[in-house]
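Below is one structure, written out as C-alpha cells; comments come after it.
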Amino acid sequence: MRPSLVALGWLRPSPLFLVAVGWLTLLGAFGTPLAELRPAPPERRAALNIFVTSSSDSGPGSLREAIFTADRAQGRARIEVRVARIVLETPLPPLVNPEGVMIEAIDRDTEIDGRALLEGPVLDLAAPRSVVLGVAVRGAAGQGILVRASGARLRNLVLAECDVGVYLADGADDLSVEFSAFEQNGTGVRLGGSASQVSLSENRFRKHERAAVWAVSPTAPLGAAAPGVVVRHNHFEDDRISVLLINVPGRVEDNHFARAGEAAVHLTGSGLVRRNRIQGGARVGLFADAPGGALIEDNEVDHNVAVGLLLRQARSTDVVRNRVYENGYGIVVVFGDKTSPPLVAENLVVSHREDGLYVVGGSPTLRGNHVIGNRRAAVRVLDYVPIHGAPLVGAPLLQGNLLHDNGVDAPVRGEYRESRVRPESR
C-alpha cells in the first residue's frame, strides 16, 4: 500500500509553521496593517503638518496663513487642506521653503478659485521637491500652477479654465504630472525650451485653445540629446494642437488623440512618436515639420479630414510600421533633405478618399508599404514648381511596395505649382 503524503511528513504541519500561523492570526486581529507601517516616500515626509480649515482668502486657518507658516518652517512642511472650496481675492505668497512643501487635499473635490485674480499664478512653487495632490485650480488669468524649482510632483489635480494650467519655468526640471485632468485652458502644460526630465502620464486633456502640451525652444540642441519630455498614456480630446514639440526632444508614446483642430502631434527636430491612436482630426493627424532624426512608428492614424501623416522638410526621419486608413490623404511627404532622405517603410495605407502616398518635390525612400484600396492613386509624385526659381523634382525611391485595388495602382506623375492651382495630372 502506497504511504500517504501525511504519513511521509510532507503535509504534516511543522512546529515553525504553527508558530508562524499563530503570529499572523494575532497581527490580523490586533496589529497594524503592514502598509501603514511602511515609511512614507521621501517627498511625502514632513517635519511640520499644517491644516487649512477656513475657505477664506486670509486669516486664521486659511491657505494663505498655511503657506506663510510652511515657508517659515525649519524643515519640510505639509499643508493639509480640509475645506471644499477656497475663493482667492488676492495672489497667494509663493512656496519658498528650501526643504520643500507638500499641499494635499483630503477631499479630492477641493477647488481653489482664482477667477478674481487679474494676473499671475494661483500656486507658485519656488520650493524644491514640492508636491501638490488632489487639488482643483480654476480660472487663473495667468498660471494655475507655476513651477520654478526642480523636483515637483503633481498628482490627481484638475486644472480648468486657466490661461496656462501648469507652467514649468526655464531652469527648473524633473517635473512629474500624473492622473490629472486639464480642461478648457489656453495651454494645458507649458514647458520651457530647456525642459528636461519631464514626465506627463495618465492625464486627460480636453479643449485647449492653443495646445494641451507646449514645449518650444528657439534652437535645436547640439548633437544627439536624450528626450527631455516624455508624454505617455494620456488621453487628448478636442484640442487645437494636442502635443507641440519644437526643438525639444521628446517621446510621445501610447496616447489616445481624438478630434484635434489642427494636429494631434506637431513635431520639429528629433523625437519619437510611437504606438499612439490618432483619430478624427479636423486637419492633420501628425505633422512632422522639419524633423531630424525622428522616429514615427507603430501608430494607428485614421479619420483625419485632410492628411493622416504629413512630413515637410524631413531629414533622416523614419516613418515605419504605421497603420494609416480612411483619412483624406494617407502619408504626404513635402520636400526633404536629398542627402539624408526620410524613410517611409512597411506602413499599411488603406482606404483614403484621395491618394495613399503623396510626394511633392522630395526624394523619400518608399519601401515595403502596403497601399490598398485608396480612391485615387496609390502613389502620386509631383514636381514642385515655384513662381521664381528652379523646380524641385519629386524623385522617390520605390522599393517593394504592394499597390493593389487603388483608383490607379501605377505611380502617377505631375506638377504642383506654387500658385496653388491643382496639379495638372488631375
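The numbers here are math on the coordinates, done by the rules we state, and not lab data. No experiment lies behind these values; they were computed from the predicted model shown. Virtual Cβ from ideal backbone geometry, glycine too; neighbours counted across all protein chains shown.
Ordering Leu133, Thr90, Gly368 by Cα displacement along the dipole of the chain toward the positive end leaves Gly368 in first place; charges were set at the Cβ atoms of Lys, Arg (+1) and Asp, Glu (-1). Principal-axis analysis of the Cα atoms of the chain puts helix 15-30 at an angle of about 90° to the longest axis.
For region 352-375 versus region 198-219, the spacing of their alpha-carbon centroids is 30 Å. Could you tell me the relative contact order of the chain? Use alpha-carbon pairs under 8 Å, at least six residues apart, and round to a whole percent. Relative contact order comes out at 6 percent.
Electrostatic tally near Asp107: other residues with Cβ closer than 11 Å to its Cβ, Lys and Arg +1, Asp and Glu -1, net -1. Relative to the longest principal axis of the Cα atoms of the chain, helix 63-72 runs at roughly 80 degrees. In plain terms, the chain from Arg82 to Arg210 could stretch by 42.7 nm, reckoned as 0.36 nm per residue minus the Cα-Cα distance. Mean-square fluctuations from a GNM of the chain, with a 10 angstrom spring cutoff on Cα atoms, peak among Leu402, Leu95, Leu311 at Leu402. So how far, in whole Å, is the C-alpha centre of region 104-155 from the one of region 258-273? With region 104-155 and region 258-273 each reduced to a Cα centre, they are spaced 27 Å.
Per-residue ellipticity at 222 nm, computed for the chain from helices alone with -39500 (n - 2.57) per DSSP H run of at least four residues, works out to -2000 deg cm²/dmol. Amide H to amide H distances under 5 Å link Tyr416 with Asp383, Tyr384, Val385, where only residues 5 or more positions off or on other chains count and H is placed in the peptide plane. If only the Cβ of Lys and Arg carry +1 and only the Cβ of Asp and Glu carry -1, the dipole of region 99-417 around its Cα centre is close to 760 debye. Placing unit charges on the Cβ atoms of the charged side chains and taking the dipole of the chain about its Cα centre, the candidate lying farthest along the positive direction among Val324, Thr53, Ala288 is Val324.
Each of the peptides 233-239, 265-271, 392-398 was scored by the mean count of other Cβ atoms within 10 Å over its residues; in descending order, highest first, they stand as 265-271, 233-239, 392-398.
Using a Gaussian network for the chain with springs between C-alpha atoms less than 10 Å apart, which of these wobbles most: Pro94, Pro60, Pro364? Maximum among the listed residues: Pro60.
Each residue of region 74-81 was assigned a 3J(HN,Hα) from its phi angle through the Karplus expression (A = 6.51, B = -1.76, C = 1.60, θ = phi - 60°), giving 8, x, 5, 10, 10, 9, 9, 8 Hz with x at Gly and Pro. Each of Val243, Gly271, Ala211 was placed along the dipole of region 186-318 (beta-carbon charges, centred on the mean Cα), and the one lying farthest toward the positive end is Ala211.
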